[in-house]
Amino acid sequence: MPELPEVEAVVRTLRPLVQGQKIRCVHVFHPIAVKPQSASHLVQFATGRRIQQVDRRGKYVLLVLDRGLITLHFRLDGQLVWFSDAAELLGRANVRENSVHVDVAFEFAKGVLGFADPRHFGRVHAWESPKDSSGLASLGIDALSKDFTIARFRELLAASVRPLKDFLLDQTRVAGLGNIYSCESLWHARLDPRRRAKSLKPEEARRLHKAIVSVLARALECCLHPAPDFRDSQWWFQGLEKILRTYGREGEPCRRCGTAIQRIEQGGRSTYFCRRCQK
Ligand SMILES: [Zn+2]
């Protein structure tokens, strides 16, 4: 599932392709991708509008238009695909077995951007204002922004009795972390994912803040080398497993102390951690 670094790498790759471009027309192949909005709403809203900025907040991609905005959310494994023109889109997308799956496509003068999620969890929505999107409006501090300071982070921790892992996944507190990078940040900070957020001492909070910032920075570097290739519909980020210290390593030795990494369930999701050196 794409988390903040993956989405940020997508945004940086997408920006030079579509920023400043006018949306000539919109194709909605699978209306489930725009639910609970309607296909006609998106088409009427976006056609003829110009993309002024491509931004990110948490795990959302924002196409900021000359009026209103479009949000893209990849959920489990949504992604973007690029076509040279409408002829290539219509020739390759959704036409037969093994063709390229595309849910929604935005046509520009110099190419076509497709949003694709064969499992149909990902969403494309159009909004008059960011405030109209409950998902966007409820986001907490973006973990890559300047607002993500140690002081602010400590306040958020102090206000929560939830286990650290659940706290880090809560997008209304700190936005951008998912299952992988929250496990990784807790390992680097040597903190037990089951600890209550408010139990952290100032020194521990500082360590966790530093771990989050450095884990995300390292993952973003990895996501940009090589950068996403939207021309290849099979493309996905490579090499991230090399930077992972706990995630997906159940039973393998901790890279710090050699103890076997454990997997537990927290909030219905897997947490990987070292029982010995995460206190
Ligand atoms: Zn360990």
Built amide H within the under 5 Å cut-off of R56, gap 5+: L62
For region 121-279, accessible area per residue (1.4 Å probe, heavy atoms of protein chains only), Å²: 49 Å²
5 angstrom amide H check on D142, placed H, neighbours 5+ away: A175
Quotient of Cα Rg and 2.2 N^0.38 Å for region 73-152, N being how many residues it contains: 1.45
For region 1-100, the Rg and Dmax computed from alpha carbons only, in angstrom: 13.8, 38
Helix-only mean residue ellipticity at 222 nm for the chain, each DSSP H run of n ≥ 4 adding -39500 (n - 2.57), per residue, nearest 500: -8500 deg cm²/dmol
Inter-probe distance in nm under a simple model that places probes 7 Å from Cα toward Cβ, at A137 and K110: 3.7 nm
Phi-based couplings in Hz for region 41-54 (Karplus 6.51, -1.76, 1.60; Gly and Pro marked x): 4, 5, 4, 5, 5, 8, 4, x, 7, 9, 7, 7, 8, 10
Selection from V11, A39, Y60, by position along the positive dipole direction of region 1-97 (Cβ): A39
Phi-based couplings in Hz for region 243-259 (Karplus 6.51, -1.76, 1.60; Gly and Pro marked x): 8, 7, 9, 10, 4, x, 10, 3, x, 8, x, 4, 6, 9, 10, x, 5
Fraction of the pair-distance distribution of the chain above 31 Å, Cα-Cα pairs, percent: 32 percent
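Could you work out what % of the accessible surface of region 145-246 is carbon and sulfur, using a 1.4 angstrom probe and leaving DNA, RNA and ligands out of the count?
The C+S portion of the solvent-accessible surface of region 145-246 is 53 percent.
Over region 1-117, with every protein chain in place, what whole percent of the accessible area is carbon and sulfur at 1.4 Å, could you tell me?
On the way: 2240 of 4720 Å².
Taking all protein chains in place, region 1-117 shows 48 percent carbon and sulfur surface.
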Rounded to 10°, Cα long-axis angle of helix 179-188 versus longest principal axis of the chain: 30 degrees
Separation between Cα centres of region 65-108 and region 117-151, rounded to whole Å: 21 Å
Region 113-250 - Rg and Dmax from Cα coordinates, angstrom: 16.7, 48
Set of lysines near K242 by C-alpha distance (under 24 Å), chain-local residues within fewer than 8 positions excluded: K59, K165, K210
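The values are calculated or read from the model by the stated rules, or taken from the named source; none is laboratory data. A quick note: this is a predicted structure, and the numbers were derived from the prediction, not measured. Neighbour counts are summed over all protein chains in view; Cβ atoms, including those assigned to glycine, are modelled from backbone coordinates with ideal geometry. The accessibility values were calculated without ligands, DNA or RNA, using every heavy atom of the protein model including side chains. Shrake-Rupley method; radii C 1.70, N 1.55, O 1.52, S 1.80 Å.
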